[in-house]
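A quick write-up on the structure given underneath.
The values are calculated or read from the model by the stated rules, or taken from the named source; none is laboratory data. Please read these numbers as outputs of a predicted model, since none were measured by experiment. Here the Cβ positions follow ideal geometry from the backbone for every residue, glycine too, while neighbour counts run over all protein chains shown. In case anyone asks, the SASA skips ligands and DNA or RNA and just uses the protein heavy atoms, side chains included. Shrake-Rupley method; radii C 1.70, N 1.55, O 1.52, S 1.80 Å.
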Amino acid sequence: MTLHLTGDPAGEVVQAEKDRIRSLLDVDPEAYDRLHAPEYELCNPTGAVWTKAQYLDLLTTGQVAYRSLELLSDPVAVAGEGVVVLRYRCAIEVTVDGTDIPRHEAWHTDVYVSGGNGWRCVWSQATGIV
């Protein structure tokens, strides 16, 4: 069932996703840790899968540096007991290993689970839009 995000828990997850994006842009390790579950994995547009620790290392060393990451569509969600899956379009500008990747659009799918520390992202998938 696809739901447009209104009310809780969806509103909480949308805010968590906006905070998570801010943690990537600002390279804020504390917020990053709070918003990503220990088992977090990102499948990026190249198909590579990074663990939570690998992704944070890439961010803190500057190997991955977001210049822009903005939502282009309102997130939609599938919600269940203790889990919310978000999907939205975004625009990304990023530098990877010193190479500037120009602004491009992608679909983001993020899986959030609730726990003692609130909503945390466990999986992210970014798919480039050609």
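Accessible surface area normalised per residue over segment 59-101 is 50 Å², counting heavy atoms of protein chains with a 1.4 Å rolling probe.
If the chain between ARG34 and ASP19 were fully stretched, how many nm would it gain, using 0.36 nm times the residue separation less the Cα-Cα distance?
Numbers: separation 15, 0.36 × 15 = 5.40 nm, distance 1.01 nm.
Difference between extended and current length: 4.4 nm.
From the alpha carbon centroid of segment 106-125 to that of segment 55-96 is 10 Å. Comparing VAL76, ALA37, GLY47 along the charge dipole axis of segment 35-88, the residue lying farthest to the positive side is GLY47, per the Cβ-charge model.
Ligands, DNA and RNA left out, the 1.4 Å accessible surface of the chain is 53% carbon and sulfur atoms. Of the GluC sites (Glu not before Pro) found in segment 44-117, the ones in coil according to DSSP and having at most 16 other Cβ atoms within 10 Å of their Cβ are GLU81.
Going by a ≥ b ≥ c, the root eigenvalues of the Cα gyration tensor, does segment 11-130 fall in the rounded group (a/c under 1.5), the prolate group (a/b larger than b/c) or the oblate group? Intermediate results must be reported in sequence, preceding the final value.
Values: a/c = 1.78, a/b = 1.29, b/c = 1.39.
The shape class here is oblate.
Compute the helix-to-body angle for 10-26: its Cα long axis versus the longest principal axis of the chain, expressed 0 to 90° and rounded to tens. Result, in degrees: 10.
Using θ = phi - 60° in the Karplus curve 6.51 cos²θ - 1.76 cosθ + 1.60, the 3J(HN,Hα) couplings for segment 74-80 round to 5, x, 10, 9, 10, 10, x Hz; x is entered for Gly and Pro.
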